[in-house]
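Here's the structure we're looking at; comments come further down.
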Amino acid sequence: QVQLVESGGGLVQAGGSLRLSCVASGSIFFSINAMGWYRQAPGKQRELVAGITSGGNANYGDSVKGRFTISGNSAKNRVYLQLNSLQPEDTAVYYCNADGKYVDGVAWKNFASWGQGTQVTVSS
């Protein structure tokens, strides 16, 4: 239905920066309500990093406030995550998420999609 592809992960030293990108695409007509980023470190649960609505309202996980910035281009179905002042504890697989509606025949249906993830590794 709606596919998400992330890019921009990599290896960086502590204090460094990265920018993640995610684009949504599909063969059907869809409309996105919100997009966001989650992360999962080894042995830990997946946690919210940041989210943004189609109207531009953003929210952040407590551990990244003031360091990470989420932004979006709703017209292009893209979301970005700027990661600054990275620390080793930020090391994780970062997943893009989107939810919204798509047209199935003559009806609108809800969807929630996940990307395959991009690895962010911060060395000390």
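The values are calculated or read from the model by the stated rules, or taken from the named source; none is laboratory data. Just so it is clear, the structure is predicted and the values come from calculations on it, not from any experiment. Positions of Cβ are generated from backbone atoms using ideal geometry, with glycine treated the same way; all protein chains shown enter the neighbour counts. These area figures cover heavy atoms from the full protein model, side chains too; ligands, DNA and RNA do not enter into them. Shrake-Rupley method; radii C 1.70, N 1.55, O 1.52, S 1.80 Å.
Does any residue of the range 90-98 turn out to be open to solvent by 50 Å² or more (accessible area, probe 1.4 Å), modelled with pLDDT of 95 or more and not small (Gly, Ala, Ser)? Full working, then the answer.
Looking only at the range 90-98, we keep the residues that are open to solvent by 50 Å² or more (accessible area, probe 1.4 Å), and these are none.
Scanning the range 90-98 turns up no residue that is open to solvent by 50 Å² or more (accessible area, probe 1.4 Å), modelled with pLDDT of 95 or more and not small (Gly, Ala, Ser).
Please identify the pairs in which a residue from the range 99-124 that is without any contact (Cβ under 8 Å) to a residue 12 or more places away in the chain has its Cβ atom under 7 Å from the Cβ atom of a residue that is of a type in the set (Ser, Thr, Tyr), counting only partners at least 6 apart or on another chain.
Going by the 7 Å Cβ cut-off, the qualifying pairs are LYS109/TYR102.
From the list GLN82, GLN116, pick out the single residue that is of a type in the set (S, T, N, Q), within 16 Å of SER21 (Cα to Cα) and either modelled with pLDDT under 95 or part of a loop (DSSP other than H, G, I, E, B) (or both). So that I can check it myself, show each step before the final result.
Values: GLN82 fails: either modelled with pLDDT under 95 or part of a loop (DSSP other than H, G, I, E, B) (or both).
It is GLN116.
Among the numbered criteria (1) under 27 Å from THR121 (Cα atoms); (2) of a type in the set (Ser, Thr, Tyr); (3) part of a strand (DSSP E or B); (4) touching a residue at least 60 places away in the same chain (Cβ under 8 Å), which single criterion is violated by THR69?
Checking THR69 against (1) under 27 Å from THR121 (Cα atoms); (2) of a type in the set (Ser, Thr, Tyr); (3) part of a strand (DSSP E or B); (4) touching a residue at least 60 places away in the same chain (Cβ under 8 Å), the one that fails is (4).
Sort out which residues of the range 29-48 are open to solvent by less than 80 Å² (accessible area, probe 1.4 Å), out of contact with any helix residue (DSSP H, G or I) (no Cβ under 8 Å at 6 or more places or on another chain) and under 21 Å from PHE111 (Cβ atoms), and write them in order of number.
PHE30, SER31, ASN33, ALA34, MET35, GLY36, TRP37, TYR38, LEU48, listed by residue number.
Could you please find all residues in the range 99-124 being surrounded by 14 or more Cβ atoms within 10 Å (Cβ to Cβ) and under 13 Å from the mean Cα position of the chain (by Cα)?
The answer is ASP99, SER113, TRP114, GLY115, GLY117, THR118, VAL120.
Taking the range 22-41, which residues are among the small types (Gly, Ala, Ser) and in contact (Cβ under 8 Å) with a residue 60 or more places away in the chain?
Initially, the range 22-41 is screened for residues among the small types (Gly, Ala, Ser), giving 24-27, 31, 34, 36, 41.
Once the filter is applied, which keeps residues that are among the small types (Gly, Ala, Ser) and in contact (Cβ under 8 Å) with a residue 60 or more places away in the chain, the range 22-41 yields ALA24, GLY26, SER31, ALA34, GLY36.
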